[in-house]
Amino acid sequence: AVVSTQSTGAGGEFCDRFVNSLVIVKTAPNSRKVTTRQQRTATCTDFEVMDASRQAVRCVSWLESIAVLLTSVPPRHTMLYLTDARVKLDSFTEGVTLEITPKTVETVNPDIPDAHTLYNFAQSLPEGITTPSVVRTPSKTSVPVSEITACYTVEEVKERRPETGILNVLLETINCTEKRKCVAMRCTGCNKKVPGLCDKPDCFGKDVVHFYDFKIALCDYTGSVERVKLCGEVAEKLVGVPVNIFEDWTVSTVVEWMDNVLLERFKVYFTTFSVPNGDLWLQIKQMDRYIGRAEEGS
């Protein structure tokens with residue numbers, strides 16, 4: 001099935017999945033060279049796409065062919081039918097991103113009725129038309145842990161959608177079977193998450209550092225919450241070692257550590273943020289392991 005940019009931008013059920021989408025390029029591309037963790041040089045092309053819903057979505061391509069194509073054609077004149085494009089929640093841009101990966105099959109200007117309709121629609125829009133880009137609602141990440149005092153159950157968090165809170169929960173799952181999915185890079189200049197060397201002029205010559213970037217799930221007797229981010233020093237406290245040592249761990253060491261923390265009870269201090277369709281995400285500020293029986297949320 002073909003997924004619209006409005007559904008893609010809403011994130012939710014499509015995040016971290018591969019989808020098919022028919023889109024037209026909305027903005028001129030911004031291409032840059034980046035260095036991967038494997039010290040390989042790659043071309044990253046950043047642009048916006050849209051369809052008849054007028055919902056604009058940031059699109060990122062790692063293919064040299066896309067970079068060459070888009071620099072030679074003005075915006076709103078290139079349609080792309082993307083098969084197996086990845087939808088992900090990007091903490092670098094704080095929005096939902098459609099990513100063209102080596103797995104993606106791209107058909108440029110497909111000769112099909114839907115593509116002709118989309119092209120005509122795009123040409124009919126006034127010059128400079130604005131379409132809403134997909135962004136996340138900012139979280140209250142600056143709130144001190146000492147000011148987070150209200151306790152909830154998982155069910156209450158989903159119903160009441162508090163900006164901050166405390167959960168007494170079990171650690172249900174953690175995505176660390178593939179290290180590339182749980183270790184990210186941050187620029188030491190702007191402190192933003194980056195795919196390689198930061199391309200901001202003010203950050204020229206600045207180093208990047210690796211940090212923990214886990215997606216986890218928590219549960220209690222009322223249910224589970226799967227959209228939870230555990231990053232940086234909070235994650236390092238849980239793992240027990242700096243990220244550079246973790247990256248050298250063998251698979252058996254990782255599994256042994258997971259066996260030691262999964263289904264253990266924790267007191268979790270969190271802030272929340274949401275994507276445009278209203279799905280709630282939790283950002284962990286502090287995570288204390290319980291010794292003994294925990295109090296129930298209220």
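Throughout, read-outs are computed from the coordinates displayed, never taken from laboratory work. Nothing here was measured: the structure is a model prediction, and the numbers come from that model. Methodologically, a virtual Cβ is constructed for each residue, glycine included, from the backbone with ideal geometry; neighbour enumeration extends over all protein chains shown.
Among the lysines in segment 160-222, how many pairs, 8 or more places apart or on different chains, have alpha carbons under 16 Å apart?
Value for segment 160-222: 7.
Where does the charge balance sit around Ser224 when Lys and Arg score +1, Asp and Glu -1, over other residues with C-beta under 13 Å from its C-beta?
Around Ser224, the charge tally is -2.
Please compute the modelled spin-label separation between Asp114 and Asp288, points set 7 Å along Cα→Cβ, answer in nm with one decimal.
5.3
Please list, in chain and number order, the residues 5+ apart from Thr272 or on another chain whose amide H is under 5 Å from its amide H, with Hs placed from the backbone.
Counting only residues 5 or more places away or on other chains, the set is Lys140, Gln283.
For segment 190-266, what is the convex hull volume of the alpha-carbon atoms per residue, in Å³?
Value for segment 190-266: 121 Å³ per residue.
Sort 282-290, 146-154 by packing, meaning the average of other beta carbons within 10 Å per residue, with the highest value first.
So the peptides 282-290, 146-154, ranked by packing, come out 282-290, 146-154.
Provide the per-residue ³J(HN,Hα) series for segment 234-243, in order, calculated from phi with Karplus coefficients 6.51, -1.76, 1.60 and θ = phi - 60°, each as a whole number of Hz, with x at glycine and proline positions.
5, 5, 4, 5, 5, 5, x, 9, x, 5
Pull up all non-local amide H partners of Tyr290: gap of 5 or more, or a different chain, and H-to-H distance under 5 Å with H placed in the peptide plane.
Answer set, sorted by chain and number: Arg265, Phe266, Lys267.
Can you tell me how much longer the chain between Glu247 and Ala42 gets when fully stretched, taken as 0.36 nm per residue apart minus their C-alpha distance, in nm with one decimal?
Result: 71.6 nm gained on full extension.
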